[in-house]
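Below is one structure, written out as structure tokens; comments come after it.
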Amino acid sequence: MANSKQARKRARQSTLRNTHNSSLRSRLRTAIKSVRKAVAAGDKSAAMGVFQTATSIIDSIADKKVVHKNLAARNKSRLAAAVKAMG
């Protein structure tokens with residue numbers, strides 16, 4: 001347990017930050033799953049729309065440094081390739 005006042009405050013802040021970042025990571029995963037689901041359904045126009053919103057979410061979360069920028073770029077690249085490969 002934290003003994004100093006400063007350490008107690010840092011512990012409080014870190015739990016709040018962890019909760020917030022966890023929710024952002026969850027949003028990221030949900031956005032990725034929604035694009036994959038649209039691709040699996042086979043509707044290219046719907047997949048394009050969902051992909052654009054997912055790209056926005058992925059970029060905003062990477063800008064906040066919740067996830068690394070390369071992880072964001074990799075996910076966007078793979079999703080774009082999946083949408084493009086649709087017939």
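Filtered by the rule that a residue be closer than 19 Å to residue 18 by Cβ, of a type in the set (Val, Ile, Thr) and in a helix (DSSP H, G or I), region 52-79 gives a lone residue, 61.
Within region 58-71, if we keep just the residues that are in contact (Cβ under 8 Å) with a residue 24 or more places away in the chain and hydrophobic (A, V, I, L, M, F, W, C), the residue that is farthest from residue 37 (Cα to Cα) turns out to be 66.
The residue that is nearest to residue 64 (Cα to Cα), among those in region 1-29 that are of a type in the set (Lys, Arg) and more than 10 Å from the chain's Cα centre (by Cα), is 17. Quick check on residue 50: is it surrounded by 12 or more Cβ atoms within 10 Å (Cβ to Cβ) and in contact with a Ser or Thr (Cβ under 9 Å, 6 or more places away or on another chain)? The answer is yes for residue 50.
Yes or no, residue by residue, for (1) surrounded by fewer than 15 Cβ atoms within 10 Å (Cβ to Cβ); (2) of a type in the set (A, V, I, L, M, F, W, C):
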| site | (1), (2) |
| --- | --- |
| 4 | yes, no |
| 25 | yes, no |
| 40 | yes, yes |
| 45 | yes, no |
| 55 | no, no |
| 60 | yes, no |
| 67 | no, yes |
| 72 | no, yes |
| 84 | yes, no |
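Of the residues making up region 1-51, those that are of a type in the set (Gly, Ala, Ser), in contact (Cβ under 8 Å) with a residue 12 or more places away in the chain and part of a helix (DSSP H, G or I) are 31, 34, 38, 47. Do we find a residue being over 15 Å from residue 86 (Cβ atoms) and of a type in the set (D, E, K, R) anywhere in region 40-54? No.
Since every read-out is calculated from the coordinates, none of them should be taken as a lab result. For clarity, every value in this text was computed on a predicted model and none was experimentally measured. All Cβ positions, glycine included, derive from the backbone under ideal geometry; neighbour counts span all protein chains shown.
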